[in-house]
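Read-outs throughout are calculated quantities, based only on the coordinates presented, and are distinct from any laboratory measurement. Computed from a predicted model, the values in this text were never measured in an experiment. So basically every Cβ, Gly included, is an ideal-geometry build from the backbone, and we count neighbours across all protein chains shown.
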Amino acid sequence: MIDRDDLELALPGATIGAVAGALAGGLTLLAEVPAGLAAQSALALSAPLAFFGGLYGVLLGRGVFRPGTFGPTGLYWMAAFPLSRLLQESVAGAGANDGVLTFLLFQAMVSLGFAIGFVFLHERVMPPWLMRRRAGNPRAEALFGLYVRHAQVMQTRKGARR
């Protein structure tokens, strides 16, 4: 069950997903789409990306993902991003003209770029957030400890290369 501690861990990823979806949906304005349809498109992408971004934070807090790794996160977004785009196209788009399978495969390829950006932002937003929330949240405290250990390992590796 999702509790308050999980919701606190979900907030950074949900925020990143919502903002990314709103920006991508807003880009439809450049294609001279009417403002109402652009807003619908932005909302239709923001909601699932916020959900999956928040779920990523919860799974990170439960140990499914580890800080500083990309492989599992890339696979996660290879499933989550195409589903988000499919929902957006179902709600606000003209649909997949070349078929759903082709659409999903293309979105899976695009998702790796999204995943890189998501991880980049999440790795910069999450540790400061955990520092603020760790006093009253045991999951945040444990996850912050993982980030600290990861930073120590990276610093040791960097020192060994010099």
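Over the chain, what is the mean sequence separation of C-alpha contacts under 8 Å (at least six apart), divided by residue count, expressed as relative contact order in percent? Walk me through the numbers on the way to the answer.
Working: 192 pairs, mean separation 41.3, N = 162.
For the chain, the relative contact order is 26 percent.
State to the nearest 20 debye the size of the charge dipole of the chain about its Cα centre, where the only charges are +1 on K and R beta carbons and -1 on D and E beta carbons. Spell out each step's value before the answer.
Values: 14 positive and 9 negative charges, 211 e Å.
Roughly 1020 debye for the chain.
Mind pulling the angle between the C-alpha long axis of helix 71-92 and the longest principal axis of the chain? Nearest 10 degrees, somewhere in 0 to 90.
With rounding to tens, the tilt is 30 degrees.
If only Cα atoms are counted, what is the Rg of the chain, and what is its Dmax, in Å?
When restricted to the Cα atoms of the chain, Rg and Dmax are 17.6, 56 Å.
Find which of G53, V91, V148 sits farthest along the positive direction of the dipole of the chain, computed with +1 on the beta-carbon of Lys and Arg, -1 on that of Asp and Glu, about the Cα centre.
V148
When the Karplus curve 6.51 cos²θ - 1.76 cosθ + 1.60 is applied with θ = phi - 60°, which whole-Hz ³J(HN,Hα) does each residue of the range 98-106 get, with x for Gly and Pro?
Coupling constants for the range 98-106: 8, x, 5, 4, 4, 4, 5, 5, 5 Hz.
Using the Karplus curve 6.51 cos²θ - 1.76 cosθ + 1.60 with θ = phi - 60°, work out ³J(HN,Hα) for each residue of the range 18-25 in order, rounded to whole Hz, and write x for Gly and Pro.
Here the 3J(HN,Hα) series is 5, 5, 4, x, 5, 5, 5, x Hz.
Extending each Cα 7 Å along its Cβ direction at A108 and Q152, get the distance between those two points in nm, one decimal.
That separation, rounded to one decimal, is 4.0 nm.
If I build a Gaussian network model for the chain, linking alpha-carbon pairs within less than 10 angstrom, which residue out of G74, G63, G36 has the largest mean-square fluctuation?
In this elastic network of the chain, the residue with the biggest mean-square fluctuation among G74, G63, G36 is G36.
Pick from A22, A80, A142 the residue whose mean-square fluctuation is largest in a GNM of the chain, springs joining Cα atoms under 10 Å.
Highest fluctuation among the options: A142.
Identify which of G136, G93, G117 has the largest mean-square fluctuation in a Gaussian network model of the chain, with springs joining Cα atoms closer than 10 Å.
The residue that fluctuates most here is G136.
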